[in-house]
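What follows draws every value from the coordinates through simple rules; no lab data is involved. Since this is a predicted model, take the numbers as computed values, not measurements. When we count neighbours, we look across all protein chains shown, and the Cβ atoms used for this are built from the backbone with ideal geometry, even at glycine.
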Amino acid sequence: MTARIFRLFIPLLAVAAAALCSMAIIALSGRDPLMICEKLFRAAFASDYGAGQVLFKTTTLIFTGLAVALPFRARLFNVGGEGQLQLAALAAAITGALLPESLPPVVAVLFSAFAAMAAGGLWGASAGLLKVRFGVNEVISTIMLNFIAQAATGYLMSWRFAEPSTGHTAETGGAFMLPQIDDLFGLFAGSPANISLLIALGTALCAALYLFRSRAGYELQAVGLQPEAAKYAGIQSGRHVTAVMGLAGAIAGLGALNLVSGYKHYYEAGLTGGFGFSGIAVALLAGANPLWIVPAALFFGLLEYGGLAVGAYVPKDIFMIIQALTILIVIVLNARKP
């Protein structure tokens, strides 16, 4: 087995190994692992609602996974997806609440998307600028920017934008709401799955074309693989670092459409639910390949919802263990040289 073929099977091997370890943990807890797996898959796929919930979670994970995968191609580690998504969700909700409902729905959604992408993009680009101008490691800066984003959104909610009676922002107008998949296609009835799923799939495809079929994508990967050679070839690494971090933040921000325009229609504390951090695991499992992000996000979406669905039988923490084990095994297998 060549190294190339081995690496293609790493995600499947990691998932299988993590599943076996977790089944052993479930057995040690006194439960039947096969019964738990059956209930998990029944809850997730035997009903329209369960499948819709999995796809709803998958949608945001695609965006946050892409926000990690693109910079990773330039050997940059964007740990700031949570803060970028958080600010973007607040920006989208405020935009939807302040602009008139008389706007055509397409225009209204575009305004929300632009506000979300601008907020997330500026937050991501700021980490890129700190690295280019001052040599600040992007891992440290994005972690710190997460804390600043959390504090900033908390302050704005406490003192400016929260409705006194509800604790969340004012609801967006009807024009700012994304259609549910149930309304358009009669699928996933009662679930929050909406057409931002199609936007996520399109974004993954565009990201793949950008990386593998464009000059800018080639230069970005050259900066990551051989920075000195790229510099000698005339590629401006600083520009690419800032641009890809800004693009990553904007893509993470698009995840706010799923949460705000497609689901809650307002912003409240805890809305992002750690999706930004889970996106790191999605990107690592996918090997930072934009097209593999989709099945990786689906896997983690299944674990996210499945853990809740079988919570009466086993602790949800077990499914967090599966996620962690999967990533650890991916790292170990990638380090191995067959």
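Overall form of region 193-338: oblate. Here a/c, set by the Cα gyration tensor axes a ≥ b ≥ c, is 1.5 or more, and a/b is not larger than b/c.
For region 10-21, backbone phi angles converted through the Karplus equation (6.51, -1.76, 1.60; θ = phi - 60°) give residue-by-residue couplings of 4, x, 5, 4, 5, 5, 5, 5, 5, 5, 5, 4 Hz, Gly and Pro being listed as x. Averaging the Cα positions of each part gives two centres, and for region 46-93 and region 242-271 these lie 8 Å apart. Kirkwood hydrodynamic radius of the chain, from the reciprocal of the average inverse Cα-Cα distance over all distinct pairs: 20.7 Å. Under 28 Å Cα to Cα from LYS231, which lysines show up? Leave out anything in the same chain fewer than 8 places away. Straight-distance partners of LYS231: LYS131. About its Cα centre, the chain has a charge dipole of approximately 1260 debye under the convention of +1 per Lys or Arg Cβ and -1 per Asp or Glu Cβ, with nothing else charged. For the listed peptides 71-78, 316-323, a ranking on the average number of other beta carbons within 10 Å per residue, highest first, reads 71-78, 316-323. Computed packing ranks the peptides 239-251, 282-294 as 239-251, 282-294, most packed first, by mean other Cβ atoms within 10 Å. With distances taken between every two different alpha-carbon atoms, region 208-249 has a Kirkwood hydrodynamic radius of 10.3 Å. Computed from phi, the 3J(HN,Hα) profile of region 76-88 under the Karplus parametrisation 6.51, -1.76, 1.60 (θ = phi - 60°) reads 10, 10, 7, 9, x, x, 5, x, 5, 5, 5, 5, 5 Hz, with x in place of Gly and Pro. Based on the convex hull around the alpha carbon atoms, region 107-234 presents an average projected area of 12.0 nm². Each stretch of four or more DSSP H residues adds -39500 (n - 2.57); spread over every residue of the chain, this sum gives -23500 deg cm²/dmol at 222 nm.
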